[in-house]
1. Checking the conditions here, which among 372, 405, 378 is of a type outside the set (A, V, I, L, M), touching a Lys or Arg at 6+ places or on another chain (Cβ under 9 Å) and outside any strand (DSSP E or B)?
2. Looking at the stretch 227-244, is at least one residue among the β-branched types (Val, Ile, Thr), in contact with a strand residue (DSSP E or B) (Cβ under 6 Å, 6 or more places away or on another chain), in contact (Cβ under 8 Å) with a residue 12 or more places away in the chain and in the same structural domain as residue 402 (by TED's automatic domain parsing)?
3. Suppose we filter the stretch 363-409 for residues that are farther than 26 Å from residue 256 by Cα, of a type in the set (Lys, Arg) and surrounded by fewer than 19 Cβ atoms within 10 Å (Cβ to Cβ); how many remain?
4. Among the numbered criteria (1) touching a Ser or Thr at 6+ places or on another chain (Cβ under 8 Å); (2) assigned to a strand (DSSP E or B); (3) within 24 Å of residue 39 (Cα to Cα), which one does residue 153 miss?
5. When residue 135 is evaluated against the numbered criteria (1) over 15 Å from residue 39 (Cβ atoms); (2) not in a strand (DSSP E or B), which criterion, by number, is the only one it fails?
6. Identify the single condition in (1) farther than 14 Å from residue 67 by Cβ; (2) in contact with a Lys or Arg (Cβ under 8 Å, 6 or more places away or on another chain) that residue 181 does not satisfy, given that it satisfies every other one.
7. If you scan the stretch 35-60, which residues turn out to be more than 11 Å from residue 87 (Cβ to Cβ) and touching a residue at least 60 places away in the same chain (Cβ under 8 Å)?
8. Among all residue pairs at least 6 apart or on different chains, which show Cβ distances below 8 Å where the first residue, located in the stretch 351-367, is in a strand (DSSP E or B) and the second is of a type in the set (Asp, Glu) and modelled with pLDDT of 75 or more?
Amino acid sequence: MRLQTYYCALLSVLLLFSSAQGRADSAEQLFARFEPALLQVRVLEQASGAKAAIGTGFVLEEPALVVTNYHVVSEAVLSPEKYQLEYLNASQQKGALQVLAVDVINDLALVSTDYRAPQPFKIQTTKPVQGATIYSLGNPHDLGMILVPGTYNGLQKYSYYPRIHFTGAVNSGMSGGPAVDVNGQVVGVNVASAGNQLGFLVPADALQQLLARYQREGQSKDLKADIERQLLSSQQAMFSQILNADWKLKDFGTGKVPDEVVPFVRCWGESNVEKDQETLKKVTAFCSQSEEIFLSQHFTSGRVEMQFEWLEAKDLHPLQFFSLYEKNISRASADNQALKEDVTAFECQHRVVRQTGGHHAKMIYCVRAYRDYAGLYDVLYLSASLDQQQQGLVSHYTLSGVSQDTARAFSQKFNGAVSWQ
């Protein structure tokens, strides 16, 4: 009986080892089969011939297109006179690449190539089940192509721009590489990492939409004009949801301010009310749609941010309170990255306004225009209550990449939602 038990235990161990080895072989075979269809995408500075940036791309079946991230090839799109693209395949062969079409909202690009992979990638038409094993492929830190196993966790719950939450390492250089299921079919495209095995993928259906547009319209004749149209369309769709929502309000200081007005705008708060030594009590609430649209290495867009501060003095002379109050107000700034080459200087309007209930506030409304994308602006708004001597409410928001009509509509709704006694 003991001998039978021993053989049963031994058989169980062997079966377990065999199963684990089978899974390892499966991943290894998957990588071996598709490695020739993985490319390093290189951005070369033309004057020196040196690499300025690298990423990953992957070859699709006919018409033999390469997929990568827009942020990988953006320098060649924005400055074609300075940068050019090339690929390097697993056999160390090189060749030229040319950008055909982009989806800047989802950070995708289609690129043409003369390279033909023996086993190109196919796109999976159905989503994996929650918890399924998927594999991210790419070239991290220019160390060579690798395969990273991880877990499919579905779409981010509170995200306006759809992104798959991938439990696995997506490191620098893997951007634009495919994430595939156990059969090697593409379920997403590597796009970002938040560290600690927290990766993000563009869903495959966004790639299918870009492919469909390319097959319908062909190569873009003006990539910058296409980007401008995509930015305008995206902000109109997003702000349509925000402006048409029934904004929930919450008590704040002696008034009310907006809370989480739509699911993709999340709110947090903090205060120093438990610190008795503080001469100025401060309660802060801030809400944001924190994801950004990448436009260039130094220029981002697509964010919405609101912030509210309730300030109350403790045994301060009104002039001392006003000095601290003014310092808090002066910290307001735009919430997105941009250089003077990207945007004009802010032009601001300053005025004192009478709010609902008869209260007065100092209002500052600032706008700067995008230089390369006509009709798009960044907006910075600040309002500070004026009637109390030792307490005040500061309301602030920034919008990036909006039309003037959208900015005015948002300002009207925002001002109607903020109140104090």
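The values are calculated or read from the model by the stated rules, or taken from the named source; none is laboratory data. Computed from a predicted model, the values in this text were never measured in an experiment. Cβ sites come from the backbone with ideal geometry, for glycine too, and all protein chains shown count toward neighbours.
1. 372
2. No, the stretch 227-244 contains no residue that is among the β-branched types (Val, Ile, Thr), in contact with a strand residue (DSSP E or B) (Cβ under 6 Å, 6 or more places away or on another chain), in contact (Cβ under 8 Å) with a residue 12 or more places away in the chain and in the same structural domain as residue 402 (by TED's automatic domain parsing).
3. 1
4. Failing condition for residue 153: (3).
5. Going through the list (1) over 15 Å from residue 39 (Cβ atoms); (2) not in a strand (DSSP E or B), residue 135 breaks only (2).
6. Residue 181 satisfies all of (1) farther than 14 Å from residue 67 by Cβ; (2) in contact with a Lys or Arg (Cβ under 8 Å, 6 or more places away or on another chain) except (2).
7. Those that are more than 11 Å from residue 87 (Cβ to Cβ) and touching a residue at least 60 places away in the same chain (Cβ under 8 Å): 35, 36, 37, 60.
8. Correct list of pairs: 366/347; 367/347; 367/378.
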